[in-house]
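The structure appears right after this line, and notes come after that.
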Amino acid sequence: MTSFLRSLTPDQQVSLLFVVLFGLLTLATGVTLAMSLREKHPTEMPEPTRRGLKLQDYQSLLRTSWMMALVFWLAWAAGQGVATSLFALVSFLILREFISLSPTRRGDHRSLLLAFFIVLPLQYLLVWTEHFDLFTVFIPVYVFLAIPTVGALGNDPHRFLERNAKLQWGIMVCVYGMSHVPALLLLDFPGFDGKMAFLVFFLVLVVQTAMLVQHVVAHRLSQPVAPAISQSFHWRSWAAGVMAGGLLGAALAGFTPFKPLPAMAMALVAAMAGSFGHLVMKAIKRDRGVTHWGSAGRSVTGANGLLDRVDALCFAAPVFFHSVRWKFGL
Amino acid sequence: MRAKAMSLFLLGVVRLLTGAQARWQGCPPKAEQRIYFANHQSHADLVLIWAALPTALRSITRPIAAKDYWTASPLKRWITTEVFNAVYIERERKGDEDPLQPLIDALESGDSLILFPEGTRGFEELPQPFKSGLYNLAQRFPGVVLVPAWIHNVQRVIPKGEVIPVPMLCSVTFGSPMQLEQGEARADFLVRAREAVIELSDA
């Protein structure tokens, strides 16, 4: 198996990965379709709630996975420039969702313009031009000062700290976090040219699997750790999710520049960061009084909830990126 | 042709910046003669509600634009006439001409209207008291369906005095149609209409 994989060119390997992925997705879709057909059976009508709802959950999760797989395939097929722009667009959409639900005042207008039209494109430009040293500090160092400066010039002291903190957070999560995903494509592992798409895949698959497993296991447990914030976060479900992510990481090691053990360690790190990040975003949503950024909650904004889907990735990507660079001295 | 291109371009920009989501809560989008009336907080209101309507309705629905603002430059005038197909209204009465006459003409020719009964943009959370134009039109055209609407968030997209809009998700909520009751007083009707709009703000 391994020798067969090694005999393929990088392009063929990546193609194979996509074939396998789309195959799995088709299979999963088929299974849920069959389940939903059975669900409609009249004898089960009196009590469709719990199972029906769970099924809906899986279906929406599956839709997301399809969408993500398609986006990644497109990104890989069209090259790095397109991939980076695609992620920039995702950043734009999720930052828009984030800001829409955080109250801003008229004095914030210029800071918002700065965030959307200068910081965001600049950050992705830095990724694209491979200015790694600048790109990792641009937002935490320079933008950290620039945003409140522009805000202060707006001459409105009312809730100044709170408003700026919200904006800073939005930028950190939606722009800084997300921009680390395409940055993985540009890492330079010796002898691994043209295959960095695997690393992006590795990250996304590991994080999504960890989330999925955590979600499924949580259905069987009661007493979440922080019930006011998340119903699906138990230490046991969390551990199960992270372990699943780690094991998947080890299994996928052949596709990555890592040996199985480091691959597992990297996967564990990513899965942990992702699940904690998801929890943090849940806390923010509860603070704003919604359960989802999108229309599943009581959305007045018409957001489609993209941020719900990618928030784990936004936290996992920078941690993963940094630990890979640090561990392998790139 | 140029108007068509401009309209597609504007739709694209508005959707990218705001989402321009329509929420048909009290009634479906339907090609009957209607007057939509909404809160007014920004010049972008007009563009947003226009973008939120489905294409089929957009062509038969004409927004009301303040003549002094929207004809101030050739570009504004061109956009409001050619792209939005707007009806101009004088905000200040001149001579004994009825300021509602252009609206009456439009309704008589079968068009639907988008109206901001506050008359001018408000900067408070709640809309200002409604002016009586809505009442006069409702009285004169009892067959036209009156649909209240609430525009969410637009004032955050482009506050007064700013030029560049900020991306922010906005939506327009359309409520249940209302009617002028038999013998209802002007003031009562206007208060009721305003409340119908406000009610949508947290729907």
Quiz prompt | Residues located in the stretch B:126-164, provided they are under 24 Å from A:Arg105 (Cα atoms), in contact with a strand residue (DSSP E or B) (Cβ under 8 Å, 6 or more places away or on another chain) and among the small types (Gly, Ala, Ser) | solution = B:Ala149
Quiz item: Given the structure, is B:Ile89 modelled with pLDDT of 90 or more, surrounded by fewer than 21 Cβ atoms within 10 Å (Cβ to Cβ) and away from every other protein chain (no Cβ under 14 Å)?
Solution: no
Quiz item: Quick one: B:Leu103 ticks every box in (1) modelled with pLDDT under 90; (2) assigned to a helix (DSSP H, G or I) bar one, so which box is it?
Solution: (1)
Self-check item: Where B:Leu200 falls short, out of the listed (1) outside any loop (DSSP other than H, G, I, E, B); (2) within 9 Å of chain A (Cβ to nearest Cβ)
Solution: (2)
Exercise. Go through the stretch B:39-60 and give me each residue that's surrounded by 23 or more Cβ atoms within 10 Å (Cβ to Cβ) and of a type in the set (Val, Ile, Thr).
Key: B:Val47, B:Ile49
Practice problem: Take the residues in the stretch B:168-203 that are farther than 23 Å from B:Pro29 by Cα and at pLDDT below 90, then tell me which one is surrounded by the most Cβ atoms within 10 Å (Cβ to Cβ). | Solution: B:Met168
Exercise. Considering each of B:Arg91, B:Arg15 in turn, give the residue that is under 21 Å from B:Arg194 (Cβ atoms) and basic (Lys, Arg).
Key: B:Arg91
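Can you confirm whether A:Arg6 is over 25 Å from the mean Cα position of the chain (by Cα), of a type in the set (Lys, Arg) and at pLDDT below 80?
For A:Arg6, the condition - over 25 Å from the mean Cα position of the chain (by Cα), of a type in the set (Lys, Arg) and at pLDDT below 80 - is met.
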Practice problem: Give the residue that is farthest from B:Ala52 (Cα to Cα), with candidates limited to residues of the stretch B:95-149 that are surrounded by 14 or more Cβ atoms within 10 Å (Cβ to Cβ) and β-branched (Val, Ile, Thr). | Solution: B:Ile104
Practice problem: Might you let me know whether the stretch B:50-64 holds any residue that is of a type in the set (Lys, Arg), closer than 19 Å to B:Gly175 by Cα and within 14 Å of another protein chain (Cβ to nearest Cβ)? | Solution: no
Self-check item: Boolean, A:Gln208 is within 29 Å of A:Pro262 (Cβ to Cβ) and touching a residue at least 24 places away in the same chain (Cβ under 8 Å)
Solution: yes
Exercise. Identify, from the list A:Leu187, A:Leu279, A:Leu203, A:Leu268, the residue that is within 20 Å of A:Cys314 (Cβ to Cβ) and at pLDDT below 90.
Key: A:Leu187
Practice problem: Give, as residue ranges, the helices (runs of 4 or more DSSP H) completely inside the stretch A:49-119 that count at least 2 residues that are facing another protein chain (nearest Cβ under 10 Å) and modelled with pLDDT of 90 or more. | Solution: A:80-100, A:109-113
Quiz item: A:Phe258 fails exactly one of the following numbered conditions: (1) free of Cβ contacts under 8 Å to residues at least 12 places away in the same chain; (2) surrounded by fewer than 16 Cβ atoms within 10 Å (Cβ to Cβ). What is the number of that condition?
Solution: (2)
Quiz item: Looking only at the stretch B:129-144, which residues are of a type outside the set (A, V, I, L, M, F, W, C), assigned to a loop (DSSP other than H, G, I, E, B) and under 11 Å from B:Leu190 (Cα atoms)?
Solution: B:Pro129, B:Lys131, B:Ser132
Practice problem: Answer with yes or no whether B:Arg34 is exposed (fewer than 13 other Cβ atoms within 10 Å of the Cβ) and in contact (Cβ under 8 Å) with a residue 60 or more places away in the chain. | Solution: no
Quiz item: Does B:Asp98 count as free of Cβ contacts under 8 Å to residues at least 60 places away in the same chain and of a type in the set (D, E, K, R)?
Solution: yes
Quiz prompt | Those residues of the stretch B:142-165 which are without any contact (Cβ under 8 Å) to a residue 40 or more places away in the chain and facing chain A (nearest Cβ under 9 Å), in sequence order | solution = B:Arg156, B:Gly161, B:Glu162, B:Ile164
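Is it true that A:Leu186 is surrounded by fewer than 20 Cβ atoms within 10 Å (Cβ to Cβ) and either in contact (Cβ under 8 Å) with a residue 24 or more places away in the chain or farther than 30 Å from A:Leu114 by Cα (or both)?
yes
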Practice problem: Keeping to the stretch B:1-31, report how many residues are more than 14 Å from every other protein chain (Cβ to nearest Cβ) and either under 24 Å from B:Gln179 (Cβ atoms) or in contact (Cβ under 8 Å) with a residue 40 or more places away in the chain (or both). | Solution: 12
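The values are calculated or read from the model by the stated rules, or taken from the named source; none is laboratory data. Predicted model, so just to flag it, every value in this text is computed and none were measured. So basically every Cβ, Gly included, is an ideal-geometry build from the backbone, and we count neighbours across all protein chains shown.
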